[in-house]
Amino acid sequence: MPSNNIIEVDRHDDAIVEIRLNRPEVRNALNETTALSLNAALQAVAEDAGVRCVILSGEGVSFCAGADIGEFESGSTTPASERLATLFKPALLRIVEMPKPVIAAVNGAAAGIGVAYVLASDMVLMARSAYLKLAFIDIGLIPDGGITWHLVRRVGHARAFELAATAAPIDAEICQMLGLTNHVVDDESLHKEALRWARLLVSQPGQAIAHTKQALRFSALSDLETAFEHEGHLQDACKASTEFVTRIAAFHDARRR
């Protein structure tokens, strides 16, 4: 799982991998090379059976300033829909679909398409100085990268419309109030807290964590009856695992004491 100069990949405690955008000079804006490298890094951790949790972060003062407009709009005739499908969609779907949890550790600004990577993650930690900004309307565009799908489900139509139509920065405290982040932490504690949460998740039964993520993602797209049925199938798989047998035995042993 090699790093390169624009995507740094660090392994912590064997089972935890941190993928860090490393273009601080442009606030980690995603040009074509960076987007493809990020996709490759996410694919590698998704396929690595030894990895059980992923942390997504950005080097420097920003998480991700969005797409590198200077590169993409410099005489390009490629339709935006094609760029979205080839450069961004694979990585964003991989975050959602991989069985291991992804934690976004947001320092500074997450703007434009950068917000999509935050909203696609399973958990979000934000530094106190961090903020989200749906900057698309400022240049006559709409939120993309699945942002509209995530946002309207989190905050409802009226609030989602306001945030998208005004492009006002959404600071960390407001993000927590709206359910867009799990926790707000002091800036200097962000990395340590992300690792703490990753270690907590890794300490849980791996199959149950994977199936919990899968069940929640599936249920967001399903009616209640279908979700019940899907939960049942996943629960059967969990109960057949050695992790369940070991932990239920420990539970019964503890009750007998």
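Kindly indicate whether any position in the range 110-117 is open to solvent by 10 Å² or more (accessible area, probe 1.4 Å), aromatic (Phe, Trp, Tyr) and either within 20 Å of Cys53 (Cα to Cα) or within 17 Å of the chain's Cα centre (by Cα) (or both). No: the range 110-117 contains no residue that is open to solvent by 10 Å² or more (accessible area, probe 1.4 Å), aromatic (Phe, Trp, Tyr) and either within 20 Å of Cys53 (Cα to Cα) or within 17 Å of the chain's Cα centre (by Cα) (or both). Scanning the range 231-255 for residues that are within 16 Å of Gln204 (Cβ to Cβ), open to solvent by less than 50 Å² (accessible area, probe 1.4 Å) and assigned to a helix (DSSP H, G or I) returns Leu234, Ala237, Cys238.
For the range 73-107, filtering for residues that are more than 14 Å from the chain's Cα centre (by Cα) and buried (at least 22 other Cβ atoms within 10 Å of the Cβ) leaves 1. Any idea how many residues of the range 214-230 are open to solvent by 90 Å² or more (accessible area, probe 1.4 Å) and either within 23 Å of the chain's Cα centre (by Cα) or in contact (Cβ under 8 Å) with a residue 60 or more places away in the chain (or both)? The qualifying residues number 2. Which residues, taken from the range 23-53, are surrounded by 20 or more Cβ atoms within 10 Å (Cβ to Cβ) and either modelled with pLDDT under 95 or not in a helix (DSSP H, G or I) (or both)? Listed by number, the residues that qualify are Arg23, Arg27, Asn28, Ala29, Leu30, Arg52, Cys53.
Counting just the residues of the range 68-99 that are in contact with a Lys or Arg (Cβ under 9 Å, 6 or more places away or on another chain) and at pLDDT below 85, which one comes out farthest from Glu47 (Cα to Cα)? Per the stated criteria, the residue is Ser76. Evaluated against (1) within 28 Å of Phe218 (Cα to Cα); (2) hydrophobic (A, V, I, L, M, F, W, C); (3) in contact with a Ser or Thr (Cβ under 9 Å, 6 or more places away or on another chain); (4) crowded, with 21+ Cβ neighbours inside 10 Å, Leu180 falls short on exactly one condition, (3).
The values are calculated or read from the model by the stated rules, or taken from the named source; none is laboratory data. Bear in mind that the values here come from a model prediction, so they are computed numbers and not experimental data. Every residue, glycine among them, receives a Cβ derived from its backbone with ideal geometry; neighbour counts consider all protein chains shown. Note: accessible area is taken over every heavy atom of the protein model, side chains too, but ligands, DNA and RNA are not part of it. Shrake-Rupley method; radii C 1.70, N 1.55, O 1.52, S 1.80 Å.
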